[in-house]
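The structure under discussion appears below in the form of C-alpha cells.
The values are calculated or read from the model by the stated rules, or taken from the named source; none is laboratory data. Predicted model, so just to flag it, every value in this text is computed and none were measured. Glycine also receives a Cβ, built like all others from the backbone with ideal geometry; neighbour counts cover every protein chain displayed. Only protein heavy atoms, including side chains, enter the accessible area calculation; ligands, DNA and RNA are left aside. Shrake-Rupley method; radii C 1.70, N 1.55, O 1.52, S 1.80 Å.
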Amino acid sequence: MLVDKDKGALRLTAADPEALAVGLHPGMTLADARARTPQLEAVPHDPAGDEVLLRRALIAFGRFSPMIALCRPHGLMLDVTGCAHLFDGEAGLVRRVRELAAQMGLQARTALARTPQTARALARFGPGGVVPEGEDRRVARALPISALELKPEEAQALRRAGLITLGDLDDRPRAAFAARFGRDFPHRLDLILGQADARITPVRPAPPVMADRVLAEPIQTDEAVEAVLSDLLAEVMAGLETRRCGARLFVLSVFRVDGHVRRIGVGTARPTRDARAVLRLFKERLAALAHPLDPGFGFDQLRLQAGRLQTIPAEQEAFEARSARTEALDALIDRLTARLGPEAVLKVEPVDTHLPERACRLTPAVQAAAAQAAWPEREPEQPPLRPLQLFDPPQPVEAISLAPDGPPARFRWRRITHQVTRAEGPERIEDEWWRKGRRVRDYYRVEDAEGRRFWLFRAGHFGEEPEPRWYVHGLFP
Amino acid sequence: MPAPATLQRLRDQLAALAPRGCVDVEDGFRLGMAPADLGVGPLARKGLHEVFAASSAQAVSANGFGLSLALRAAPPPLVWVLEDRALSEVGAPYGAGLHEWGLEPSDLVLVRVRSAQALLAAGEEALKSGAVGAVLMSGWGEGRAWSLTAGRRLALAAEAGAATALLIRSGAKPRPSAADTRWSVEAAPSAALEARAPGRPAFRAVLLRSRKGPAGGEWIMEWDREARSFVEPAAASGRVVPVSGDRQAGVRAA
C-alpha cells in the first residue's frame, strides 16, 4: 500500500491485490482506509525509486526486443515485430515476459496487439492477453471508455450520454465527437481500435565508446602491450571527440590465449581525452600492479572502454583558460591515484551533520565533486574548538572527575596518566535520534600539565546504566 | 616590543650580515613573530624544513607546527602525505579542525601511504609537479629509507618545483640531513582563557639547525589563525631560555 500527500490529505496511490480485494482503492484517504482495515501497511510513495525500478526493468526486458520504450506512467512497450518466433510464438513470448516480471517481483498486466495503443488500452483497462490477427477492432470495441484516458469531466459527459464502451463510440459519426472533445479525439479512438498506427520511439542505450584489437600473433612483452594500448587510446579518444565528450574512467581488458581475462582501470579527476596523459597513467598503473600482468603464452586481444562520460564544455578546450597550476594539480592527483589507488589520494569534504565523526568525509580526489555543505564558521578570537586530528573510533580512557558531571581531573590514556590543568565544556552533542542505542556525549577541551591538548567526551549521563564512559576523540596541537 | 621601524632596521641589518649564498627575503618566509624571526632569519621557500616531534606523544603538535609553516610559506594548494602508521597513532586529519587552523580544507589533497619509501616518493612527486605551494610529509619511526640521499632528493625536488617541503617526523631522532632548518617541537601550556579554558595553540619550538645561521634558540610560539601567523604569548616574552649559538645540531635529540 503506497500513500502520498495530495491536497493536504494522505491518499492511497497504489494498493496491492489483497488490499483491492477488501475494497480499498487508490484515491481513498489513508484515514478512510485505516477505518476499514486497521491492519493495513502504508508506505510513502517514492516516485524517484519507481523511476529507477522502471529504468532497470527497461534494461531487463530489452532481452525480448531491442525496440523498447517507456510507457508512462508505469509500463513498458515492446515492439516485437519479428521477435516472437525466437520465443515459441506470441503466446510463448508473453509467457516468458510474465515469468521474468514475476522473478523481478512485479505484478504485470500484459497485452499483445497489432498497434501499441491497442496493447496499452488492453493491458491497462481490459483483459490483456494476445489479440489474434485481424481481431483488434472487435476486441477493442469491448473496452470501457476510460481506455481513452480522457479527463474526468469528459469521461463523465460520455457516460451521461449513455456511451459505455468504445464500441458505442465507434458506431456513431466521428464528426460530432470532434466538435465536442477536440479534433484529435477521433484519431485517438482509431489508434486504440487498431485502425491507425503509430510507432514507438525506442529507448536505446548509447553504444559504448570502445576500441578492440584482435591480434594475429599473441604478444608477450610490456612494450608490445603499451604499443597496442596507445593505438587503442588514439581510437577511443577519436570516438570521444566526435561525441564532444571526455571520459573519467578507462578500462583495459587483456585477453590471454588460454581464455584468462584481466581488467585494469584508471580513473581521472576530470573528464579527459588526452591520450598521452592516459597512457602515462596506464604505465604507472601497470608498474604498480600487485599481481603484474602474466602473459603466459601471450595476449591475443586487447580492448579499451571509456566510461563515466561527461561533456567537456567548449571553453575548457582552450587550454590556457584554466590555470596551468590547476591542470598540473589534476595531473598530479591522477598520477598518485594510478600509483597508490583511489583510496589513498583524498579530498576533505564537509558533511551536513552535527556528529563529529560524520561531519568530515575523506573522498577519493578523482571522484570529488563540489562540496554540498560548509564548514562551521570560525569563531573570532577563539582557539580552535575542533581537533586537528580525530580518532575514528574514539579511544576509551579511564578518567576521574571531581564533580559527577564535571570535566575530568585526570585521565589515563595509552598507559600514561595526564593531570588536567585546563578544561572547557561541556559541549553537549546528541546522537542522531534515528539511531539505536544512542547516548548523549559531553565534550571537553582539556589541557594537561605538559600542555598537550585533547578532545575528550563522556558518553552517557551520571547515574545511568551502564555507567558513563570516557573517550578521547581527537588531539589538538 | 620595539617599534616597527626599529624592527625593520634590525631586519635589514641582519640581512646584510647574513652569510653569502643564502636565499634572499623574496624567496624566504618569516614566522611572523619578531624574536624568532630575528633568531632564525627568513626560511627558504624552495627548501626542505624538518620538524621533529620532541617525543612520539607530541606528533600532533609537530603536525600542527608543520601545517602552520606551510600556511606561512606558500599559497595553496597543499599536499599532505601521511604514513599509515602516523594516521593510526594520532588519528586522521579532521576537516573542521583544519578549517579552524586557518586552512581551507578544499585546498588540501591528502595522500595516504604504507611505508616511508612511498611517503618520500609521493612527496617528491608532489614537490616536483609545480602544482602545489607546499608539501607536508608526516612519517613515523626510524628506518633505512630516511637516508641523507632521501633528504637531498626532497631538497632538490623542492627547488625544482618551487615548493616548500616540510618533513614531519615522530618517533625519530634528529640527525644531520640536507634540510635548511630542523626543529624540535612540543606542546606548550597555553595562556588560559576565562574559566581555565585552554587557549590558543602553543608550541615550544627549538631550532636544532639552520643552514645559514647559528643554530640554537628556543621559543614559545602561539598560532594565530586569523593572522595566519605565529605570535608571542601575551604574558611572557617569546624567548624563554637563552641558548648559546655554538650548540651543535642534534644535541637536543628527543
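Some observations on this one:
- Residue check for residue A:189: assigned to a helix (DSSP H, G or I) and within 26 Å of residue A:58 (Cβ to Cβ): no
- Filter pass, residue A:462 being over 12 Å from residue A:399 (Cβ atoms) and open to solvent by 30 Å² or more (accessible area, probe 1.4 Å): yes
- Restricting attention to segment B:114-142, the residues being more than 16 Å from residue B:164 (Cβ to Cβ) and surrounded by fewer than 24 Cβ atoms within 10 Å (Cβ to Cβ) number 8.
- Residue match in segment A:81-102 (condition: farther than 25 Å from residue A:45 by Cβ, assigned to a loop (DSSP other than H, G, I, E, B) and in contact (Cβ under 8 Å) with a residue 12 or more places away in the chain): yes
- Being more than 10 Å from chain A (Cβ to nearest Cβ) and within 24 Å of residue B:172 (Cα to Cα) is a description that applies to residue B:141.
- Among residues of segment A:71-86, those that are more than 32 Å from the chain's Cα centre (by Cα) and surrounded by 15 or more Cβ atoms within 10 Å (Cβ to Cβ), counted: 1
- Matching residues in segment A:174-222 - criterion: being more than 27 Å from residue A:134 (Cα to Cα), open to solvent by less than 40 Å² (accessible area, probe 1.4 Å) and in contact (Cβ under 8 Å) with a residue 12 or more places away in the chain: A:181, A:209, A:211, A:215, A:219
- Pairs are defined by a Cβ separation below 9 Å, a sequence spacing of at least 6 or placement on different chains, a first member in segment B:162-175 that is at positive phi, and a second member that is acidic (Asp, Glu) and not in a strand (DSSP E or B); the pairs so defined are B:171/B:89; B:171/B:142.
- The set of residues in segment A:385-426 that are among the acidic types (Asp, Glu), in contact with a strand residue (DSSP E or B) (Cβ under 6 Å, 6 or more places away or on another chain) and either modelled with pLDDT under 90 or crowded, with 21+ Cβ neighbours inside 10 Å (or both) contains only A:424.
- Cβ-Cβ distances below 6 Å connect the following pairs, each with a first residue in segment A:377-395 that is facing chain B (nearest Cβ under 8 Å), a second residue that is of a type in the set (D, E, K, R), and a separation of six or more residues or different chains: A:378/B:100; A:383/B:200; A:384/B:100; A:386/B:100; A:392/A:357.
- Residue B:181 vs. criteria away from chain A (no Cβ under 13 Å) and either closer than 22 Å to residue A:408 by Cβ or in contact with a Gly (Cβ under 9 Å, 6 or more places away or on another chain) (or both): yes
- Only strands (runs of 3 or more DSSP E) whose full extent lies in segment A:260-359 are considered here, and the ones with at least 3 residues that are crowded, with 19+ Cβ neighbours inside 10 Å and touching a residue at least 40 places away in the same chain (Cβ under 8 Å) are A:261-272, A:299-311.
- Looking across A:244, A:273, A:213, one residue alone is touching a Leu at 6+ places or on another chain (Cβ under 6 Å) and farther than 29 Å from residue A:63 by Cα. It is A:273.
- Conditions (1) in contact with a strand residue (DSSP E or B) (Cβ under 8 Å, 6 or more places away or on another chain); (2) open to solvent by 60 Å² or more (accessible area, probe 1.4 Å); (3) among the small types (Gly, Ala, Ser); (4) not assigned by TED's automatic domain parsing to the domain that holds residue A:61: number failed by residue A:91: (4)
- Any hit, segment B:165-176, residues being within 11 Å of chain A (Cβ to nearest Cβ), part of a loop (DSSP other than H, G, I, E, B) and buried (at least 22 other Cβ atoms within 10 Å of the Cβ): no
- Members of segment B:63-99 found to be in contact with an Asp or Glu (Cβ under 8 Å, 6 or more places away or on another chain) and under 13 Å from residue A:477 (Cβ atoms), listed by number: B:91
- Complete set of residues in segment B:187-211 that are more than 7 Å from chain A (Cβ to nearest Cβ) and polar (S, T, N, Q): B:210
- Screening residue B:159 against (1) touching a helix residue (DSSP H, G or I) at 6+ places or on another chain (Cβ under 6 Å); (2) more than 10 Å from chain A (Cβ to nearest Cβ) leaves a single unmet condition, (1).
- Residues that are in contact (Cβ under 8 Å) with a residue 40 or more places away in the chain and surrounded by fewer than 17 Cβ atoms within 10 Å (Cβ to Cβ) were ranked within segment A:223-234; the one that is farthest from residue A:335 (Cα to Cα) is A:234.
- Being at pLDDT 90 or above, aliphatic (A, V, I, L, M) and either within 21 Å of residue B:100 (Cβ to Cβ) or in a strand (DSSP E or B) (or both) holds for only one residue in B:234, B:205, B:192, and it is B:205.
- Taking the criterion of being more than 21 Å from residue B:103 (Cβ to Cβ) and more than 7 Å from chain A (Cβ to nearest Cβ), the residues of segment B:119-134 that qualify are B:120, B:121, B:124, B:128.
- Of the listed requirements (1) under 23 Å from residue A:109 (Cα atoms); (2) open to solvent by less than 80 Å² (accessible area, probe 1.4 Å); (3) in contact (Cβ under 8 Å) with a residue 12 or more places away in the chain, residue A:30 misses just one: (1).
- Identity of the residue in segment A:235-251, of a type in the set (Lys, Arg) and outside any helix (DSSP H, G or I), that ends up most open to solvent (accessible area, probe 1.4 Å): A:244
- Residue A:12 meets each of the listed conditions (1) open to solvent by 80 Å² or more (accessible area, probe 1.4 Å); (2) in a strand (DSSP E or B) apart from (1).
- Here residue A:144 clears all of (1) within 22 Å of residue A:70 (Cα to Cα); (2) modelled with pLDDT of 85 or more except the condition numbered (1).
- Restricted to helices (runs of 4 or more DSSP H) entirely inside segment B:75-135, those with at least 3 residues that are over 25 Å from residue B:225 (Cβ atoms) and of a type outside the set (A, V, I, L, M, F, W, C) are B:84-90, B:116-128.
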